[in-house]
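Single-structure report; data block below.
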Amino acid sequence: IVDEPPPPVVPAIVGDGVAERAIPNPPLPWKRSREGGIVLLVEGKDGRTFENKVSSYDLYPIDRAFNLGQSKETQQWRAHLPHAETRDIVIEAACFVDDKQLRARLADHGLYTSKFMEIKEYMSAYIQELQRLTPTAAQYNHLGWVDDYSKFVLPGKVILSDGTQGPAQLAKVAATAEGYMTKRGTIQKQIELLNFYNDKRYVKHQMFVLASLASPLLYATGHNGVVIHETGESGASKSSALLTAASFWGDPKRYVINCTEKGATQLYQSTRLGVLNNLPCCLDEITSIKEEV
């Protein structure tokens, strides 16, 4: 009888909600210990099985993904350190097969071990077990449409052409979108607030706001991109319209990029444009941008 702790669980997107996804326990002869850590089951000369402790840290893979743009696999490991500290570690396949790189990556995240090779063997067996039981997730470098327009990527999920949703993992640069693309309130409340612009005096504002909502459909027009520029007297509700346009996609004040000298750099602006892809990139105070830029 092998006494094991329950399988670890991680959040997973199901439809519009979040549920728990169980990670299977590692294959024998490896075992997660109820006391915490990893053990290797070894059979003695008398036929009895005993536990050889490999690590005092509980460690397991929580995700595997293949980056479609870069053609490489990455894994995400979760380690439970002393004092209830949890660390998630991204391991590229190239790093996993390079002992020097892998030792350094683990040490960077606080995992120090005298049994490095045993831990590597354990994770190799564990990842092969995940590979056998679950399909590899796709990792994306940007949000919006994939090349064949069959999927639309948002932080944490991908929407398929039949309306169903699945999990999505973002590459390192694109993952920054999770910080400014958040959901609050209800669609009913948003519609109620948008009624502010339901006035013939705000036709220009309506066009500006609705262009943001319709941005995923722009590809169907044959245009690679468009720039919509608000200009007018101070106090004409230009910034409010920009924040409203941004509110479809995330936290308005964080989604909008400040282009003043104390705001975002040119590199950050360009990177954000690439990450958002088919989503609108909202820039404020663009008169602060130097003419050559």
Notebook entry, point to check: Which of the lysines could a cross-linker bridge to LYS200, judged by Cα under 19 Å and excluding same-chain residues fewer than eight apart?
Noted result: LYS238
Item checked: DSSP-assigned coil residues among trypsin sites (Lys or Arg not before Pro) in region 185-293, each with at most 14 further Cβ atoms within 10 Å -> LYS262, LYS290
Notebook entry, point to check: Over the C-alpha atoms of region 126-167, what are the Rg and the largest Cα-to-Cα span, Dmax, in Å?
Noted result: 12.2, 34
Next item on the list: Go through region 163-237 and name the GluC sites (Glu not before Pro) that are in a DSSP coil and have 10 or fewer other Cβ atoms within 10 Å of their Cβ.
Entry: GLU233
Next item on the list: Provide the gained length on full extension for the span ASN258 to VAL42, in nm with one decimal, where the gain is 0.36 nm per separating residue minus the Cα-Cα distance.
Entry: 71.7 nm
Checklist line | Two-decimal log10 I(q)/I(0) for region 20-141, as the Debye equation yields it once each C-alpha is a single scatterer, q = 0.13 Å⁻¹ | finding: -0.54
Checklist line | For region 143-237, alpha-carbon Rg over 2.2 N^0.38 Å | finding: 1.33
Checklist line | lysines with Cα under 17 Å of LYS290, excluding same-chain neighbours fewer than 8 positions away | finding: LYS262
Next item on the list: First measure r as the distance between the Cβ atoms of PHE50 and VAL173, then evaluate 1/(1 + (r/R0)^6) with R0 = 51 Å and state the FRET efficiency to the nearest 0.05.
Entry: 0.60
Next item on the list: Calculate I(q)/I(0) for region 95-152 by the Debye formula, one identical point scatterer on each C-alpha and no solvent, and give its log10 at q = 0.16, 0.30 Å⁻¹ to two decimals.
Entry: -0.71, -1.18
Notebook entry, point to check: Computed FRET efficiency, Cβ-Cβ of GLN131 and GLN101, R0 22 Å: what is it to the nearest 0.05?
Noted result: 0.55
Check: Which whole-angstrom value gives the distance between the alpha carbon centres of region 33-109 and region 122-138?
Finding: 12
Item checked: Given (1) 0.97; (2) 0.93; (3) 1.09, the label whose value is Rg/Rh (Cα atoms, Kirkwood Rh) derived from this model -> (3)
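All of the numbers you see were taken from the coordinates with simple rules; none came from a lab. Here the structure is a predicted model, which means the values were calculated and not measured. Neighbour counts run over all protein chains shown; Cβ positions are idealised from the backbone, glycine included.
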